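Notes follow once the structure below has been shown.
Here, each number is a calculation from the coordinates, and none is a lab measurement. Owing to the predicted nature of the structure, the values given are computational and were not obtained by experimental measurement. Ideal geometry is used to build each Cβ from the backbone, glycine not excepted, and the neighbour counts take in all protein chains shown.
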Amino acid sequence: MAKQRDVIIACDFKSADETIKFLDRLSRVRSEVISCDDVGIGAGRPFVKIGMELFYAEGPAMIKQLKSRGHKIFLDLKLHDIPNTVKKSMQVLGEYGVDMVNVHAAGGIDMMRAAKEGLMLGAARFAEKPKLIAVTQLTSTDENALHNELLIDKPMSEVVKQYALNAKEAGLDGVVCSAYEAAEIHKVCGEDFLTITPGIRFAESASDDQKRVMSPAQAKDAGSDYIVVGRPITAADRPSDAYERCREEFL
């Protein structure tokens, strides 16, 4: 059976109003070329990522509104604290009915295990349980920052691989990583262990503040399961065209 892939749009907006206007514009244009039977999650209603800026501005109401519209949600808050605090916080997030949520792998195995316990408690009433993934290293972090700022003396590839193995041991579903690390992570953690990769740019696009980037087609070839795409779609002159291009290249 073919692996499931998807494009997740990073809705890094300042408000609910800005977010809904963008999604309405995207869905309205897409509905002109997609039959009514095909419009749904992954078609007319894209998988979206809600990050810290939007969640802190709008709170759980933003999640409720997007779920009511049929969107799958990756709630990208990157929890990182002592195990008990993370467990209690994840229990709250699990009650929102999100589809994916994350922690920092740097918090360690005990913290990640606690996160999984809390999330499952919060999501107990839902038939489909949310995926819990761990951030290995941010795609804005390069080897120089790893060694000279974080004082980690191992190569980036080894650090990411070890963090992924820790996440797997803790019972998580996958990791956030650069597409450059996806193949190696699948090799050591298994094909069913998810790789979610930000830092996606079209070949001709600027990399902005990302350091380790790939195009959607390159990420597919590298073995990514999900790609997270923000500004190449949200800041495009024609976001619908950019989204369709991502899907064509990646799926």
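Below, the figures for the structure above:
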read-out: Highest to lowest packing among 6-16, 97-107, 236-246, scored as the average C-beta count within 10 Å; value: 97-107, 6-16, 236-246
read-out: q = 0.07, 0.12, 0.14 Å⁻¹: log10 I(q)/I(0) that the Debye formula gives for the chain, counting C-alpha atoms only; value: -0.22, -0.68, -0.95
read-out: Distance cut-off 18 Å, percentage of C-alpha pairs in the range 127-181 lying past it; value: 36 percent
read-out: Charged-residue dipole, Cβ positions (Lys, Arg, Asp, Glu), the range 6-250 about Cα centre, Debye nearest 20; value: 660 debye
read-out: Unit charges at the beta carbon, dipole of the range 6-250: most positive-side option, Gly199, Leu79, Ala145; value: Leu79
